[in-house]
1. Local charge sum around F118 (other residues, Cβ-Cβ under 13 Å, Lys/Arg +1, Asp/Glu -1)?
2. Compute log10 of I(q)/I(0) for the range 14-109 with the Debye formula, placing one identical point scatterer on every Cα and leaving out solvent, at q = 0.25 Å⁻¹, to two decimals.
3. Show me the three semi-axes of the equivalent ellipsoid for the range 50-150, from the C-alpha gyration tensor (sqrt of 5 times each eigenvalue), largest first, rounded to whole Å.
4. Place a +1 charge on the Cβ of each Lys and Arg in the range 102-173 and a -1 charge on the Cβ of each Asp and Glu, then give the dipole magnitude about the Cα centre in debye, rounded to the nearest 20.
5. Between beta-carbons, use under 14 Å as the cut-off and find the net charge around L54, counting Lys and Arg +1, Asp and Glu -1.
6. Ranked by accessible surface with a 1.4 Å probe, highest first, in what order do S274, S315 come?
7. Give the residue from G323, L337, A273 lying farthest towards the positive end of the charge dipole for the range 235-350; charges sit on Cβ (+1 for Lys and Arg, -1 for Asp and Glu) and the dipole is referred to the Cα centre.
8. Report the Cα centroid-to-centroid distance between the range 352-375 and the range 220-293 in angstrom, as an integer.
Amino acid sequence: MLAPAPATFSALRHRNFRLFLGGQFLSLCGTWIQQVAHGWLVLELTDSAFAVGLVTTLGSLPILLFTLYGGVVADRVDRHRFLMLLQSLMLVEALILGTLVATHRITVEWVMVLATMFGLLAAFEVPVRQAFTADMVGKDDLMNAIALNSSAFNLARVVGPSIAGLVIAGAGIATCFFVNAVSYLAVLAGLLKMDFGPVPPPAERRDVRSALREGFAYVLGNRWPRALAFLIAGFSIFGFPFMTMAPVLARDVLGVGAAGYAALIASIGLGAASAAIFVAGWGTRFRKGRMLAWTSVLFGVTLTLAAVAHHFAASLVLFTAAGWTMAANGILANTLLQIHAPDHLRGRVMGVYSFLVLGLAPLGSLQAGWIAEHLGVEWSMGLGGLACVAIAGWTVFTLQPGREQPGRAASGAETAGETTPAP
């Protein structure tokens, strides 16, 4: 029997989670390699900041339309098997994209079609994968598992773009897509090796409208989930698109090429990975609501400063800080929503979360691209940062009179108060 793991890595006591995390890390490295290559490819094909935002919008649009239904599906299927199917189809998408680039048949229209295909798969994969975490570790180690997943995600954000810059320069863009296709084999191998007991029967099959209504009633009918939903929605529209505009900032403002763009993305990952490790090790020592408030405000401030910093070194520092605050914010929001969600609603709650984080991205990417096209990328990022400060400030102000901070995760009385409707 394994010895108890240190608190920072307690979720690794679960064999299934260890298998998943290892494969997921390699797959995420491939995903980030593809994302860097994807943005650079669109810029080369179109020479348009708006086109970069438009392609990102098309990739996120299916998430906007279908991720809530994906949450319903996540509560009805064998999540383990369904996740293997979705990962396999994502592998096929990467292969097609790489083949089109390698054979010089790629067009921006093909990029748009494949981005939409990937978005449709992600609309189901994200809520299923988020809910699957609790299947692997249970609720006791859930926050730790979410933080370690975020660590892997953001460490891959450092490793992937660093590799992408070298691969683009040395082997061409097509190779990046083929590398991503191979990386999916790692997560599929981990999923195949997992061992689960008897699968419980699926949830009662109610009609989709009633199932969705029940999920929304939980989120909107409770004080903190409702506040988190507003905060996440605002950041998805005005804050997170700064990553979509990174290639434009790198080329037109900072004057660096693909390697510099990759370094900017990697700096976000470096900050985010350190934030994830911090939350995994010390997150229970702080009031999550207060920490969420501070990271929300600081994210907006950092983004605003990054918009006016025209030096590459300063931009790297500020992008690192933006990555730290963004990741800490996301981990806390995800944990608070998921750890208190009833088991039969977890898929739908994660569907709502995925809808807010990813589904609203089309609006964010579109507005960021439009502003960058007409006013400049500095205005796009700066106005987004100021909007995030305003949203965070308003959220904190409206919650302050009730003084209902989410609990410290140790006390049942404290955690029960986190989802209690305001009086």
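The values are calculated or read from the model by the stated rules, or taken from the named source; none is laboratory data. Predicted, not measured: the structure shown is a model, and the values here were computed from it. Neighbour counts run over all protein chains shown; Cβ positions are idealised from the backbone, glycine included. SASA here: full protein model, heavy atoms, side chains in, ligands and nucleic acids out. Shrake-Rupley method; radii C 1.70, N 1.55, O 1.52, S 1.80 Å.
1. -2
2. -1.37
3. Those come to 30, 14, 13 Å.
4. With Lys and Arg at +1 and Asp and Glu at -1, about 220 debye.
5. Summing Lys/Arg as +1 and Asp/Glu as -1 gives -3.
6. S274, S315
7. L337
8. When both Cα centres are located, 14 Å separates them.
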